[in-house]
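First up is the structure itself, then whatever we jot down about it.
The values are calculated or read from the model by the stated rules, or taken from the named source; none is laboratory data. Predicted model only: the values in this text are computed from it and were never measured. Positions of Cβ are backbone-derived with ideal geometry, glycine not excepted, and every protein chain shown enters the neighbour counts.
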Amino acid sequence: MTARPSLEIVHPAIEEYLRGLAPDPDPILREMEALAESRSFPIVGPLVGRLLALLAHSIQARRILELGSGYGYSAYWFARALPPDGEIVCTEYSQDNARLARQFFARGGVRQRITYEVGEALDLVERHPGPFDIVFMDIDKAAYPEAFPKLLPRLRSGGLLITDNMLWSGAVIHPAADAATLGIQAYTRSLYGSQELFTVILPLRDGVSVSLKR
């Protein structure tokens, strides 16, 4: 298999500068970040986490659906931005990740806002018709195109569809050699081709798309 190209989306020195501007004092976040580093586990990181919280605040989100929640790092950022009666539905394939997430949420005081379901995200989403204020997706990249028609009807008008890894270490600018890159490219065309969405891709970390439903 041909290795996908790897580009620095944000120069490491710039990323370090940005991370140093407003370090979050929450010890739970720091522990989750340290765990990700020790396990080489992909999380959105503090810069994207801060963006997620800002977007949730900006539209006064109350209900959020996540596809691919890992051990809850992005959900934790979202949860802190929700009102006390807000709700996040998380989906995650790994039972071990779900267990870790529940522990982090309990210790961080946000457990009551989060429903954590274990299984295939595209199957679990069928249980939740919405409407949601935000849908955040970070599942297997080859499944992005299949997810798209399932997510749009679950998003309210004025809501946000947010997707991670949209630049895929720069692989998207080359002819696709693998299913993940092909999936991201096809999904990107769907976002920009939809008459219901207004989309921008932010070159932050590995690329984050933010789509406003008209």
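General remarks:
- Scope segment 130-149; condition at pLDDT 95 or above and more than 16 Å from the chain's Cα centre (by Cα); matching residues: P131, E146, P149
- Any hit, segment 193-210, residues being part of a helix (DSSP H, G or I), of a type in the set (G, A, S) and under 23 Å from L51 (Cα atoms): no
- Screening S211, S194, S157 for residues that are surrounded by fewer than 17 Cβ atoms within 10 Å (Cβ to Cβ), under 22 Å from A81 (Cα atoms) and at pLDDT 95 or above leaves exactly one candidate, S157.
- Filtered residue count, segment 74-106, keeping only those that are surrounded by 24 or more Cβ atoms within 10 Å (Cβ to Cβ), closer than 20 Å to A143 by Cβ and of a type outside the set (D, E): 4
- If you go through segment 23-34 and keep only what is within 18 Å of R99 (Cα to Cα) and touching a residue at least 24 places away in the same chain (Cβ under 8 Å), you end up with I28, L29, E31, M32, E33.
- When we screen D178, D123, D140, D133 for residues that are within 30 Å of E16 (Cα to Cα) and of a type outside the set (A, V, I, L, M, F, W, C), the only hit is D140.
- Lone unmet requirement of (1) modelled with pLDDT of 95 or more; (2) of a type in the set (D, E, K, R); (3) more than 26 Å from D123 (Cβ to Cβ) for R62: (3)
- Failed criterion for S169 (all others in (1) under 18 Å from the mean Cα position of the chain (by Cα); (2) closer than 25 Å to L47 by Cα; (3) not in a helix (DSSP H, G or I) hold): (3)
- Residue check for I9: assigned to a loop (DSSP other than H, G, I, E, B), touching a Gly at 6+ places or on another chain (Cβ under 7 Å), surrounded by 13 or more Cβ atoms within 10 Å (Cβ to Cβ) and of a type in the set (V, I, T): yes
- Where a residue in segment 142-158 is of a type in the set (D, E) and its partner, wherever it lies, is buried (at least 16 other Cβ atoms within 10 Å of the Cβ), with Cβ under 9 Å and at least six apart: E146/L122; E146/G183
- Residues that are free of Cβ contacts under 8 Å to residues at least 24 places away in the same chain and basic (K, R), drawn from segment 35-81: R39
- Every residue from segment 19-58 that is under 17 Å from the mean Cα position of the chain (by Cα), outside any helix (DSSP H, G or I) and among the aliphatic types (A, V, I, L, M): I43, V44
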